[in-house]
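**Student:** I have a structure here, written as structure tokens, and I will follow up with some questions on it.
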Amino acid sequence: MKFVYSSKYEMNFGTHVFPTDKYRMIREKLVANGWAKEEDFIEPPPPVLDDIRLVHTKEYISDMLNLRWTARTMRSELPLTWQIIEGYLFAASGTIAACNLALEENTCVHIGGGFHHALPDHGEGFCYINDIAVAIRKMQNENKIERAAVIDCDLHQGNGTARIFHNDKNVFTFSIHQEHLYPVKEESNLDIGLDDFAGDATYLHYMRSAVPKILAEHKPQLVIYVAGADPYKDDQLGTLQVTKEGLEERDKIVIDECRKHNIPFAVVFAGGYALNIQDTVDIHVNTCKVCLGITEPVATEIQTENQEEKANREGSKPSG
Ligand SMILES: [Zn+2]
């Protein structure tokens, strides 16, 4: 199985809740665990503006390319630099690459993407370019698929994706999210807005009832699975209170169901704002693990060396 990844995803947002270093850390952990080799990581090809134009308006694209701080760009809640815009352009190219690989090999994980809040004419909520919508439109345009489904399990509703495909009977949008949170909701084909503190049992109950039905009834030829890490119990932006084990079970529900129906799927990672970035990394790595069909437990730390250094540094403190 291939992973799509670019070092350009590690963008400098200054002091910001979105940790873009998670992408590199996920890659490093996959290699450290022996689950991926260097040659398994595919670089996205250079972005093509005509692909971005399949979803976004020319005025908004012009604002982004010229780094103009306007009503269209400022709702991103992000700084606006060329490094950042380039990162989002490559992320869209990366999700296209992941969909192509999924159609060829059944499964592909994009260590990036999932920017589901971006709308055709403006950015929102840490998202400049809706890579999910761009990739689906690209696959349709090249006649590789007609029907797709977006299984969006990020903490937040996939409002941008829902709006973009609102009148498109060929693209089924599903979002399971914390209801009383950003953003202003759009109408997906199926929305499950959970109460605060929903927890594993409620979350998984709705996943088990929704996902098989969507795939059986809509019969998509491609699924994009938005595997957000932010429903996690120690996330700074929400209180859905799902555990790591619960999120891994969620991954299994989506992935097993796709495989049962022989539907190719591409995974994108979306949000993840755990107090400890290592938890966010673990959750995303667990998703990779499920895709790879690995059943062994994940090591909780990438390196013990750092802990040893830390212990040495703190050695002068009283220990007991
Ligand atoms: Zn989110």
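What follows is calculated from the coordinates using simple rules that are stated; it is not laboratory data. Source: prediction; values computed, not measured. Cβ placement follows ideal geometry from the backbone for every residue including glycine, while neighbour counts extend to all protein chains displayed.
**Student:** Going by C-beta contacts inside 10 Å, put Thr15, Thr73, Thr57 in order with the fewest on the left.
**Tutor:** So the residues, fewest neighbours to most, are Thr15, Thr57, Thr73.
**Student:** Hey, how many Å between the Cα centroid of segment 106-136 and the Cα centroid of segment 150-181?
**Tutor:** 12 Å
**Student:** I'd like the antiparallel share, as a percent to the nearest 5, of DSSP beta bridges with both residues in the chain.
**Tutor:** 10 percent
**Student:** Follow-up. Springs between alpha-carbon atoms under 10 Å, Gaussian network over the chain: tell me which of Gly160, Gly123, Gly34 tops the mean-square fluctuations.
**Tutor:** Gly34
**Student:** Using the Cβ atoms and a cut-off under 13 Å, what net charge is assigned to the surroundings of Pro212, where Lys and Arg are +1 and Asp and Glu are -1?
**Tutor:** +3
**Student:** Between beta-carbons, use under 12 Å as the cut-off and find the net charge around Ile26, counting Lys and Arg +1, Asp and Glu -1.
**Tutor:** Values: positive: Lys22, Arg24, Arg27, Lys29, Lys289; negative: Glu10, Asp21, Glu28, Asp282.
Within the 12 Å Cβ shell, the charges total +1.
**Student:** What does the highest-first list of 263-275, 239-251 look like by mean Cβ count within 10 Å? Show your work: numbers first, answer last.
**Tutor:** Values: 263-275: 24.9, 239-251: 20.5.
Sorting 263-275, 239-251 by mean packing, highest first, produces 263-275, 239-251.
**Student:** So, one more: Just the number, please: Stokes-Einstein D of segment 1-92 in µm²/s, Kirkwood Rh from C-alpha pairs, 37 °C, 0.692 mPa s. Mind showing how you got there, number by number?
**Tutor:** Details: Rh = 14.8 Å.
Taking Rh from Cα pairs, D becomes 222 µm²/s.
**Student:** If amide hydrogens are placed 1.01 Å from N in the peptide plane, which non-local residues have theirs closer than 5 Å to the one on Phe172?
**Tutor:** Under 5 Å from the amide H of Phe172 lie the amide H atoms of Ala148, Ala149, Val150, each far enough along the sequence or on another chain.
**Student:** So what's the convex hull volume per residue for the Cα atoms of the chain, in Å³?
**Tutor:** Enclosed volume per residue, from the Cα hull, is 139 Å³.
**Student:** Filter Lys8/Lys185; Lys185/Lys219; Lys22/Lys244; Lys22/Lys185; Lys2/Lys29; Lys37/Lys289 down to the pairs with a C-alpha to C-alpha distance above 19 Å, please.
**Tutor:** Listed pairs above 19 Å: Lys8/Lys185; Lys185/Lys219; Lys22/Lys185.
**Student:** Now a separate question. Tell me the Rg and the Dmax, in Å, that the Cα atoms of segment 52-151 produce.
**Tutor:** Over segment 52-151's Cα set, Rg and Dmax evaluate to 13.5, 41 Å.
**Student:** Anything in the chain that counts as a DSSP H helix reaching 30 Å or more along its axis (C-alpha) with Kyte-Doolittle mean of at least -1.0? List them, would you?
**Tutor:** 82-105
**Student:** Sequence-distant or interchain residues sharing an amide H contact under 5 Å with Leu194, placed H: which?
**Tutor:** His177, Gln178, Glu179
**Student:** For the ranges 85-92, 59-66, what's the packing order if you count other beta-carbon atoms within 10 Å of each residue, average per peptide, and put the highest first?
**Tutor:** 85-92, 59-66
**Student:** Over what distance in Å are the Cα centres of segment 1-51 and segment 74-91 separated?
**Tutor:** 16 Å
**Student:** Can you tell me the length gained on complete extension of the stretch Asn12 to Asp168, counting 0.36 nm per residue apart and subtracting the Cα distance?
**Tutor:** Net length gain for the segment: 52.6 nm.
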